[in-house]
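Enquirer: Sharing a structure below in structure tokens format, with a few things to ask.
The values are calculated or read from the model by the stated rules, or taken from the named source; none is laboratory data. The structure displayed is predicted, hence computed values, not measured ones. Glycine also receives a Cβ, built like all others from the backbone with ideal geometry; neighbour counts cover every protein chain displayed. Ligands, DNA and RNA are stripped out before the accessible areas are found, and what is left, the full protein with its side chains, is counted by its heavy atoms. Shrake-Rupley method; radii C 1.70, N 1.55, O 1.52, S 1.80 Å.
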Amino acid sequence: MRRFSFSLLLMLVGCATQNQYTPVTPQTELGQPKFPALQVVNEHPSMAMYQACEAFDTESLMHHCRSNRIGATDMQLAFQKSQRFELHQDTRYSPDYTLHVATAQYLEENIEGLGNAVVSGLSLMLIPMHQAFVLKAEATLRWRGIPLELITIETPFTQSLTLVNNTTDPHSQMAEAISAALLEQLEAKDAFSVQFLAQRIGTSDYDNALIVPSQVGNYQLDQRAWHRHPLQGALVTYIDKDFQFDQFSLAIYPIKSTDWQHVKATLDKEANSLQKDMSLEARQQNVELRFSDIKRLVWPVNGKALDVYHMSAAHQTEAGEPLQTRIYLFLKEDKVVVSSSTLAGENAPIQAFEAATQQLARDIQVPAESLFMAKLRKHWRTTNDKND
């Protein structure tokens, strides 16, 4: 009877003792994470997933299937390893995005595997014992509880057990293998983009439905940004062609009311809300804002009278230089349009900015009421009716 030599055993120990799987690869781009914070949550398998696992397990003595042995904590760590996601700062609340994952481990034993197990046992686990799994997962990406996308994946995982590493818990590496496959699908679908979110929940398309001129007066279009949260809308900035310090921003977002038939009442509410938000932000930055009285204007726009509110706030730079912020606020469709300029000096010139805003009031085209906002306003009306 042949015996394994000690040197041969040492050679075998050095071969293939690492678990084999596709790991999560950190992003190569420098800079901030490109995706918002994400929380991974364990989910019960769907009925279809549960029945498939049960059917595989009972089909043969050589088949084994176990559900939900992979913890959400390990998958969370694996996603963070990718360096693609922002860290969630406030642990009292879940982030907007959550990924609800159910997992299953499929193991199909075969003759080769049984032979390997026997040899490994005879060598007292010095020779690696290999188990080849198929890991499956179904994951639902949600934004504030709203389902966005169902993803199903499967990925191979080979576990190698030896006397050296048989105490190592493979579940964290299985979690990484599953996370790597899920991340690949999420990136391929661009699932964290504002466009994907808007399409899934039915919010306004500010890329295509918001139309603004490329130039107003001496100002030219500089940047456009589409905020992820539906109530924040979009932001457009214009910059003076000759004086780079002279620029203004245009914010477009949904009216936070169930209706806006009474324009002045709606403008009053939106202006007061804007002042409160600005004051809160200023306090957080240790800046004092001093608002002047709101001026109520009427502009002739496209043959109609447009109600416009003009607000002004005085403040200072850290060096004590006086600043003046001017704001024009009006309504278009179901949107609030806020044009804002901040310039140095207590009486900075306003004529060019006002003329540019008047042109924008004539030329801007905003998205119509979105399905998301229609449903949200219906919910607000229902809630108000119940409270009355």
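Enquirer: Leaving ligands and nucleic acids out of the surface, order Asp222, Asp246, Asp293 by accessible area at 1.4 Å, largest first. Please report the intermediate quantities before stating the final value.
Expert: Values: Asp222 80, Asp246 20, Asp293 135 Å².
Output order, biggest surface exposure first: Asp293, Asp222, Asp246.
Enquirer: For the chain, what does the helix formula give at 222 nm: sum of -39500 (n - 2.57) over DSSP H segments with n ≥ 4, over the residue count, nearest 500 deg cm²/dmol? Intermediate results must be reported in sequence, preceding the final value.
Expert: Values: 9 runs with 121 residues, N = 388.
So the calculated ellipticity at 222 nm is -10000 deg cm²/dmol.
Enquirer: Using alpha carbons only, how many degrees (0 to 90, rounded to 10) separate the axis of helix 72-81 from the longest principal axis of the chain?
Expert: Taking Cα atoms only, the helix is inclined about 70 degrees.
Enquirer: Assign unit charges at the C-beta atoms only (+1 for Lys and Arg, -1 for Asp and Glu), then state the dipole size of the chain relative to its Cα centre in Debye, rounded to the nearest 20.
Expert: 500 debye
Enquirer: For region 243-372, with all protein chains present and a 1.4 Å probe, just round the carbon and sulfur fraction of the accessible area to a whole percent.
Expert: On the way: 3430 of 7010 Å².
For region 243-372, the apolar C and S fraction of the accessible surface comes to 49 percent.
Enquirer: With axes computed from alpha carbons, what is the tilt in degrees of helix 263-284 against the longest principal axis of the chain, rounded to the nearest 10 within 0 to 90?
Expert: Roughly 60 degrees, rounded to the nearest 10.
Enquirer: With every protein chain kept in the model, how would you rank Thr158, Thr342 by accessible area, 1.4 Å probe, largest at the top? Mind dumping the intermediate values first?
Expert: Numbers: Thr158 35, Thr342 60 Å².
Of Thr158, Thr342, the descending order of accessible area is Thr342, Thr158.
Enquirer: Any lysines with Cα under 28 Å of the Lys269 Cα? List them, leaving off those in the same chain fewer than 8 positions away.
Expert: Within reach: Lys256, Lys295, Lys304, Lys332, Lys335, Lys375, Lys378, Lys386.
Enquirer: Could you do me a favour and compute the accessible area per residue for region 315-388, 1.4 Å probe, result in Å²? Kindly include the intermediate steps, with their values, before the conclusion.
Expert: Working: 3940 Å² over 74 residues.
Accessible area per residue: 53 Å².
Enquirer: Using only Cα atoms and rounding to the nearest 10 degrees, what angle (0 to 90) does helix 371-387 make with the longest principal axis of the chain?
Expert: The two axes meet at around 80 degrees.
Enquirer: Per-residue counts of other Cβ atoms within 10 Å, averaged by peptide: what ranking do you get for 75-88, 171-184, 300-313, 276-289, highest first? Write out the running numbers ahead of the final one.
Expert: On the way: 75-88: 18.3, 171-184: 22.4, 300-313: 14.8, 276-289: 12.2.
By packing density, highest mean first, the sequence is 171-184, 75-88, 300-313, 276-289.
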